[in-house]
Structure formats: structure tokens, C-alpha cells
Amino acid sequence: MTAGPQDGLVAQWWATAVSRVEPGIIELREHPVQDLIGHATFVETIWLMLRGELPRPEQAGLLEAALVAGVDHGPQAPSIAAARMAATCGVGLNSRRGHRGEHAR
């Protein structure tokens, strides 16, 4: 199968500023991926993907703190308790009526 004039248009249609993938080339925001691996942290890479540039140290620290704060710390976390309270209108999860329409005894 030979390449036709439409192939260039299709490639342009799918072009993005976020990544470029071609045979032998993988770039994220114009940074070769092999340069990022082992040098950029996960947080720095997220910042790069979202903002288009590598973060300054204080920006990376702030994003890392926000990501860690957003991680759920188990079933006793205040965010989980608030979600349970909102979902049950304050009624305990074990104080529901009995199974299949029967009243709990």
C-alpha cells in the first residue's frame, strides 16, 4: 500500500502539542522521552504534560503535596466519614430495615 496525499492530512488531524510519536521518536511536550526517564520525577512529568514546561522546584513540591493530600488514607479518613454521612443522611450503615422488606428486629 502506498502513501497518498490524504495520509499527511490524517497525520495533521491527529497531531497534538502533548506528544509526538513516530518511528524511533517519542516526545512529550517536545522533550525526548529517553531524556525524561531517569531524570524527571513523576510529578515533574505530570506538570510537563499539563503545563507544557518542566516545573520549578517549588512548583513540583506544591503539586506533590497536593497529590499526596488527595490520596485516601483508608476507611477512617475524614473525607470518607463525610461521604458516608452525606450518603446516609447521618443514619448508620447497619441500622437499615431488614432484608427483603422485613423490619429489623
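Throughout, read-outs are computed from the coordinates displayed, never taken from laboratory work. Predicted model, so just to flag it, every value in this text is computed and none were measured. Glycine also receives a Cβ, built like all others from the backbone with ideal geometry; neighbour counts cover every protein chain displayed.
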**Asked** With a sphere of radius 12 Å drawn around the Cβ of Glu30, what net charge do the other residues whose Cβ falls strictly inside it have (Lys, Arg +1; Asp, Glu -1)?
**Response** -1
**Prompt:** Highest mean first, what order results for 44-57, 12-25 on Cβ atoms within 10 Å?
**Reply:** 44-57, 12-25
